[in-house]
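Working notes, beginning with the structure itself.
Since every read-out is calculated from the coordinates, none of them should be taken as a lab result. Treat the numbers as computed from the prediction; the structure is a model and nothing was measured. Reconstructed Cβ throughout: ideal geometry from the backbone, glycine too, with neighbour counts over all protein chains shown.
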Amino acid sequence: MSDTVAQIAMFALVALSIGGILVAVLFPMLTGDNRQKKRYETVAAGRSSTERAASNDESRRKKNVESTLKDIEAQQKNKKRGAATLSQRIRQAGLTWSLQTYWIICVVAGIVAIIFNLTAGGLPPHYALAFGAASGVLLPYGYVNYKRSGRFKAFSKEFPNALDVIVRGVKAGLPLVDCMKVIAQEAQEPVCSEFREIIEDQTLGLPLDEAVLRLQERMPISEARFFSIVIAIQSKTGGSLSEALGNLSHVLRERKKMQNKIKAMSSEAKASAGIIGALPIIVAGLVYLTTPDYILLLFTTEQGNTMLMVSAGLFATGIGVMRKMINFDF
């Protein structure tokens, strides 16, 4: 009896052990795969929805950027249809002249040139009037262009430093307007005055992106245009302003390096052009010192005055052609 009970107990233990092993092996295969598949499907569905939402946000942001760029390009095309007016050029040169003051200066310059040509030059009255009229028109206009180009160069030189100030301020948590106020107070001319104009426009109620867009009207150079585009895109689409302005500062500095390389490579051509342009004046001076009666015929006779005017026109044309050849835009 005891042997039979022991055998039955042993058989039951073996059966339970085998059943437990089978359940442990087969149960995950029967149910675990389904749960694992469901879990994988859930995670994949969540990941795909997240990726889909991210791609939708990215595509929406790209569309906003494209629309902003199209609007800015349309505004620039409308503004480029007409050249800058005289009053705008005077404003861009940093001068406080009015149009009336400009024309008064033109008249005064013309009268001074006429008196000089009649007295010191000894030219006939009609030639003196022609030279006076040309001087009255060209001298003030050339002075305005000279001041304008110098102001543009000063702005381009100082502008990357202003961008670095904005980048550091934004990274430190300051608002963009406060960073611009710091530049308006601490930067050098003409950057401080131009940013002061932006702050004043923004204070009067103009949106910041539109106030920055007006900067390129006062400074029609690539640096101001890039800055206005970055601010306009960031205000409409968002993004890291410090990173965008940091990249812009790096690009502007690299452009400056490229400009310096171009100047170094074209220095020989500029020196040759300067020598060629100075040769007629030097030769005329030497001839006047050696045989003054020979060269004074150009100033005392009508035929000489005509030849002198034609030669001056051809000389100016040659200087302009050489200047165009050695100046590179990029």
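Would you list Arg151, Arg196 from fewest to most Cβ contacts within 10 Å?
Ascending number of Cβ neighbours within 10 Å: Arg196, Arg151.
Taking the Cα centre of segment 84-265 as the origin, how large is its charge dipole in debye, to the nearest 20, when only Lys and Arg (+1) and Asp and Glu (-1) carry charge on their Cβ atoms?
640
Starting at the first residue of segment 87-101, write each ³J(HN,Hα) from the Karplus equation 6.51 cos²θ - 1.76 cosθ + 1.60 with θ = phi - 60°, in whole Hz, x for Gly and Pro.
5, 5, 5, 5, 5, 5, 7, x, 8, 9, 6, 8, 4, 5, 5
Hey, fewest Cβ within 10 Å first, where do Trp103, Trp97 land in order?
On the way: Trp103 14, Trp97 17.
Ranked by crowding around the Cβ, least crowded first: Trp103, Trp97.
Taking a quarter of the surface of the Cα convex hull of segment 84-265, what do you get in nm²?
Directional mean of the projected Cα hull area for segment 84-265 stands at 13.8 nm².
Could you give me the ³J(HN,Hα) list for segment 301-314, computed from phi with Karplus coefficients 6.51, -1.76, 1.60 and θ = phi - 60°, whole Hz, x at Gly and Pro?
These are the phi-based 3J(HN,Hα) values: 10, 5, 4, x, 5, 5, 4, 5, 5, 5, 4, 5, x, 5 Hz.
Just check segment 266-330 against the gyration tensor rule for me: Cα atoms, a ≥ b ≥ c as the square roots of the eigenvalues, rounded for a/c under 1.5, and otherwise prolate or oblate depending on whether a/b exceeds b/c.
oblate
Give me Asp164, Asp209 sorted ascending by neighbouring Cβ count inside 10 Å, so fewest comes first. Please list the in-between numbers first.
Details: Asp164 15, Asp209 19.
Least crowded to most crowded, the residues run Asp164, Asp209.
Return the subset of Lys181/Lys261; Lys236/Lys261; Lys261/Lys324; Lys181/Lys257 for which the Cα-Cα distance in this structure is over 27 Å, preserving the input order.
Lys181/Lys261; Lys236/Lys261; Lys181/Lys257
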